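Notes to accompany the following structure.
The values are calculated or read from the model by the stated rules, or taken from the named source; none is laboratory data. The structure presented is a predicted model; accordingly, all values stated were derived computationally and were not measured. Heads up, the Cβs are rebuilt from the backbone with ideal geometry, glycines too, and the neighbour counts pull from every protein chain shown. Note: areas computed on protein heavy atoms with side chains; ligands, DNA, RNA excluded. Shrake-Rupley method; radii C 1.70, N 1.55, O 1.52, S 1.80 Å.
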Amino acid sequence: MTFMERLQSIKRTTIYGLLIVVLSIPLLFPISIPLQVSSATQAAYDAIEELPPGSIFMLSTDWEASTEAESAPQTEAIVRHVFRNDLRLVIVGLWPQGNFATEQIVEKVASEMNKTYGIDWVNLGYKPGGEVVLASLAANIREVYTRDSKGTPIDDLEICEGLMSAKDVDLVCSVSWGDPGHITWVKMVQTQTQVPVIAAVTAVSVPGCAPYVQSGQLSGVIGGLGGAAEYEKLLGYAGKATAGMGAQTFGHIFILALIILGNIGYLSTRKPQEV
Amino acid sequence: MDWGITVAALLNIGLWSFLLGDNLLFRVVQSLYVGAAVAHTFVLAYRNTLIPNLWEPLLGGKHILIIPFVLGLMLFTRVSRKHAQISKIPISFIVAVGAALAIRGSLLSDLTQQVASAMVPLNSVNNIVMFIGIICTLAYFTFTIKPTPAMKSVSTLGRYFMMAAFGAAFGNTVMARMSLLIGRLQFLLGDWLHLIK
Amino acid sequence: MNILILIVGLVAGVPVLLSSFAEIPVITEVAQEFQRWGIILAGFSSFLGVMNLTHVNVSAVRRKKKLASTYDSFVLLVMLWLLIVVGVFFGQSHPIYDFVFQNALKPLSASGFAMLGFFIATAAYRAFRVRNVDAAILLVCGCIMMLANIPIGEMIWGGFPIVSEWIMKTLNGAAMKGIVIGSGIGAIATSVKVLIGLERSHLGG
Amino acid sequence: MVFKDGGRFAFLLLIFLVAVLLYCHKKVKAGFRPQIREIPAFKGIEEAVGRAAEMGRPIHFTPGSDAFNAQTAGMTLAGVICLAHIASLCARYDVRLLVSNRRPEVQPVTEEVVKQAFLTEGKSGAYRPTDIRFFSDDQFAYASGVVGVISGENTAANIMLGGFYAESLMFAEAAATYGNIQVAGTASTSQIPFFVTTCDYVLIGEELYAAAAILSDDPAQVSSLVMQDIVRVVIICLVTIGAVATSFGWHGIKDIVLKW
């Protein structure tokens, strides 16, 4: 078998083995992929950056386990930014699994950055009902939430002082996988109270956000794993998203290389009469 | 050490060992998986369907449920050589409901919605290309009309449109599949072996 | 017998079909009830499934043809019946059931899904060769999409995201619409034949 | 009768379809035979059975992931109808046929189809109930079960006709590893690309339903193909007129289709 013929018939097991190696390297030794920060991600970052310390930042956990690969790194990056700028973090949610997972992420980041529950952050838990919940939340938060997710009355929590309705919130971010999610926040809260809303969505939902960004109803969008990686770059650290994007890029280049090699082999051994 | 993670990681490796070819480890893991999954399917059917939707309402006085109960029992006649014919009755029921649902889905979502959305205004190059693509693809599937040369080139164009669509869909899926694989590698290297900081 | 089977089919199918177009309370209710019965019958079938799997593997253990297949059939049977007994009598929150669900079923599902990452690589390698016009179109569109999805792609050529969006929206959108409309016609034709008894091969002719 | 939005149009379309079908049926019964376009995948099924017979190895078939209690039941139905034909071929040429199922309610249907086919061919002794297997509702348990059958039973061909999801690529690549001839057919638009790139013969979308018609051996089935073509021409005209109308800002036709 000539070299060119061999290029056409690389063994499956070789490809599998190489793929594991190619994907593992950027995971084990995070490489920062030259990323271009998109204007939508930059806008979301700026919206948080411009808030004075002590502002109330509401994070809505509107996702489920199946989009964890995208939603979790987004959440972590946003939470790090919020804590770095000494904002008050209030967590609510329209879906159950995302809220549970978010609490675990925030606990980890909070202990790293010395933030205290009840003073710097609080989880009010998830409420089923989508639009209805947000409509009453826009009018009176204490009608929807009387206790946090651990059962403590919110009147006993220092962080909730002065938090009566959505108007007291300075910025909302919906980490969303669909409906109810970021669009529900725009319709029920942003249009009713003028509180700015940013969204962190899965890559599939990015095109759907365009009309809301154009109309100014969404002040910024973090899209998919790529958006999370861009956000990590803005914050100056390399987390799961950066590592994941590195592996993603390596994986794609590997497959493209395989295709090119296969075609070089094919074209150079093709008999002339076949043309 | 969390035993759950180790078990999950070992099962993961066992399943992936198929990539090296059929082997005993893969067969054992696959058998475990199928056994557990079939049991889970059955337990869900028993606890979440048969008990609350059949047994409890039946005892509660909803006597009409006798019919699906009997139909269900009829399925078991297939075990007997003599009465196997009877099991065709519930099968006919299952298939007929399926056929009716298929007509509903195809008519209301596939046909009317798609036909309406295919009526694009022919006011831009994109829309004209799209319109041509839809018509050519539809024409490609013709079965019984004698092909004229013009028809042949229309259906060839339709095939090219489909190939472009398939290539694009394939390329677009690579990212999603890679994400899943990366997620599993992060689990193996990070959560299990603690090699990722 | 055959007439009875046809009648059962019509009685089951027609209300479900009618309820798709019109809102007549009685018909809608009957249709919903029939759909619930369909789910109940699926529940009974899952018991048939358990019997089938047990039968297949008991006979494999008995035959002892290959040592390997004896092992895995035995493993399967133990797992199957252990979990059924625990699940039916003690519920899904029993520690054994929960352990298997959390540490075997859930992660194996993720691992199985992730194997597609390997297979998509070999499939791309095998299939994307410029053998003819069809394959070339496939290859070009596939590669454009892949490049558009990674940051490097945009650095090589800023047009990738724009071209990929155009391919996805216009070319892919058009072809998929054509395919869906065609499949719709086919599905209706097949289903109508089944309902009115022109197609009987699913009942054995 | 209170029609839902768009219900009138859909209902009329269905009536039209059924009327055309019955008319064509009458014509075909009276001796009308159109020329049917050759679809390579039809031959592919026979080739697959033939090769399995030569090699003395079994064939694997699966009707896919869709249940009967869903709107996608049509694909499963088509798959099962094709299975009837494949089972007859297998019985005739003494080829062992292995069937794998994901949905519990499809299991008894496939059992019945294969059993009847073997019976009709006078080979009821060769029918083995243990060859029709159920691998649970879990997507990847079913997938790993299928992969286990293909690798463990040393199949010569792998035929997949029905509705599929992500597992399609796993089946196709695993069977390719073991050198199987592969025939696939589905109308799930998300999976056709994977079948087209990895299988020897593919029935795309509507061709799956056409295969169900042609393979079921009944000359009357031809009528359904003629009907499909007539409806296709009508739809092409409708779309063209609608597109021209919307270009001039008139949305009447679109509204009739969607809302009447």
Restricting to segment C:173-202, name every residue that is touching a residue at least 24 places away in the same chain (Cβ under 8 Å) and at the interface with chain D (Cβ under 7 Å from one of its Cβ atoms). C:VAL194
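Take segment A:1-28 and flag every residue that is among the basic types (Lys, Arg) and open to solvent by 70 Å² or more (accessible area, probe 1.4 Å).
A:ARG6, A:LYS11
Yes/no per residue for (1) at the interface with another protein chain (Cβ under 7 Å from one of its Cβ atoms); (2) within 30 Å of D:PHE171 (Cβ to Cβ); (3) over 29 Å from the mean Cα position of the chain (by Cα); (4) among the small types (Gly, Ala, Ser):
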site: B:ALA9; (1), (2), (3), (4): no, yes, no, yes
site: B:LEU19; (1), (2), (3), (4): yes, yes, no, no
site: B:LEU32; (1), (2), (3), (4): yes, yes, no, no
site: B:VAL38; (1), (2), (3), (4): yes, yes, no, no
site: B:VAL43; (1), (2), (3), (4): yes, yes, no, no
site: B:TYR46; (1), (2), (3), (4): yes, yes, no, no
site: B:LEU50; (1), (2), (3), (4): yes, no, no, no
site: B:PRO57; (1), (2), (3), (4): no, no, yes, no
site: B:SER80; (1), (2), (3), (4): no, no, yes, yes
Would you check if A:ALA228 is farther than 28 Å from A:LEU137 by Cβ, among the aliphatic types (A, V, I, L, M) and either out of contact with any Cys (no Cβ under 6 Å at 6 or more places or on another chain) or not assigned by TED's automatic domain parsing to the domain that holds A:THR13 (or both)? no
Could you tell me whether segment C:78-98 includes any residue that is touching a residue at least 60 places away in the same chain (Cβ under 8 Å) and of a type outside the set (Asp, Glu)? no
Pairs only if they're at least six apart or on different chains, beta carbon under 8 angstrom, first in segment A:24-53 and in contact (Cβ under 8 Å) with a residue 12 or more places away in the chain, second charged (D, E, K, R) and part of a loop (DSSP other than H, G, I, E, B); list them, first residue then second. A:LEU51/A:ASP170; A:PRO53/A:ASP86
What are the residue pairs meeting all of these: first residue in segment D:117-136, first residue of a type in the set (Val, Ile, Thr), second residue open to solvent by 60 Å² or more (accessible area, probe 1.4 Å), Cβ atoms under 8 Å, and 6 or more apart or on different chains? D:THR120/C:GLY205; D:THR130/C:HIS55
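Could you look through segment A:29-59, keep only residues that are in a loop (DSSP other than H, G, I, E, B) and open to solvent by less than 70 Å² (accessible area, probe 1.4 Å), and pick out the one that is nearest to B:GLN186 (Cα to Cα)?
Looking only at segment A:29-59, we keep the residues that are in a loop (DSSP other than H, G, I, E, B), and these are A:29-38, A:50-55.
Cutting the leftovers down to open to solvent by less than 70 Å² (accessible area, probe 1.4 Å) gives us A:31, A:33, A:35, A:37-38, A:51, A:54-55.
Values: A:ILE31: 15, A:ILE33: 18, A:LEU35: 21, A:VAL37: 25, A:SER38: 26, A:LEU51: 35, A:GLY54: 36, A:SER55: 35 Å.
Checked segment A:29-59; the qualifying residue nearest to B:GLN186 (Cα to Cα) is A:ILE31.
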Does any residue of segment A:92-99 turn out to be modelled with pLDDT under 95, open to solvent by 30 Å² or more (accessible area, probe 1.4 Å) and touching a helix residue (DSSP H, G or I) at 6+ places or on another chain (Cβ under 9 Å)? yes
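Check every one of the helices (runs of 4 or more DSSP H) wholly within segment C:57-144 and list those with 2 or more residues that are surrounded by 14 or more Cβ atoms within 10 Å (Cβ to Cβ) and of a type in the set (A, V, I, L, M). Even if it seems obvious, please write down each step before you answer.
Working: elements: C:67-90, C:95-100, C:106-127.
Those helices (runs of 4 or more DSSP H) span C:67-90, C:106-127.
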Identify the single condition in (1) within 25 Å of the chain's Cα centre (by Cα); (2) open to solvent by less than 30 Å² (accessible area, probe 1.4 Å) that A:LEU163 does not satisfy, given that it satisfies every other one. (1)
So which helices (runs of 4 or more DSSP H) are wholly in segment D:95-195 and hold at least 1 residues that are open to solvent by 10 Å² or more (accessible area, probe 1.4 Å) and among the aliphatic types (A, V, I, L, M)? D:106-120, D:167-177
Would it be correct to say that A:LYS150 is in a loop (DSSP other than H, G, I, E, B), among the basic types (Lys, Arg) and modelled with pLDDT under 85? yes
Considering residues of segment B:21-30 that are more than 7 Å from every other protein chain (Cβ to nearest Cβ) and outside any loop (DSSP other than H, G, I, E, B) only, the residue surrounded by the most Cβ atoms within 10 Å (Cβ to Cβ): B:VAL29
Right, A:GLN248: of a type in the set (S, T, N, Q) and under 17 Å from the mean Cα position of the chain (by Cα) or not? yes
Given the criteria within 13 Å of chain B (Cβ to nearest Cβ) and either more than 23 Å from D:LEU169 (Cβ to Cβ) or buried (at least 23 other Cβ atoms within 10 Å of the Cβ) (or both), does D:PHE42 qualify? yes
Among the residues of segment B:166-184, is any facing chain C (nearest Cβ under 8 Å), touching a Ser or Thr at 6+ places or on another chain (Cβ under 7 Å) and not hydrophobic (A, V, I, L, M, F, W, C)? yes
Yes or no: D:VAL18 surrounded by fewer than 22 Cβ atoms within 10 Å (Cβ to Cβ) and at pLDDT below 95? yes
Looking for whichever is surrounded by fewer than 21 Cβ atoms within 10 Å (Cβ to Cβ), of a type in the set (A, V, I, L, M, F, W, C) and under 23 Å from the mean Cα position of the chain (by Cα) here; the options are B:ALA165, B:ALA176, B:ALA150. Which one fits? B:ALA176
Of all residues in segment B:153-162 being open to solvent by 10 Å² or more (accessible area, probe 1.4 Å) and farther than 30 Å from A:GLY224 by Cβ, the one that is farthest from the other protein chains (Cβ to nearest Cβ): B:SER153
Could you please let me know if C:THR170 is closer than 30 Å to D:LEU22 by Cα, without any contact (Cβ under 8 Å) to a residue 60 or more places away in the chain and β-branched (Val, Ile, Thr)? no
Does C:SER164 satisfy being open to solvent by less than 20 Å² (accessible area, probe 1.4 Å), of a type in the set (Gly, Ala, Ser) and either within 9 Å of chain D (Cβ to nearest Cβ) or more than 28 Å from A:LEU35 (Cα to Cα) (or both)? no
I'd like to know if segment C:129-140 contains one or more residues that are at the interface with another protein chain (Cβ under 7 Å from one of its Cβ atoms) and in contact (Cβ under 8 Å) with a residue 60 or more places away in the chain. no
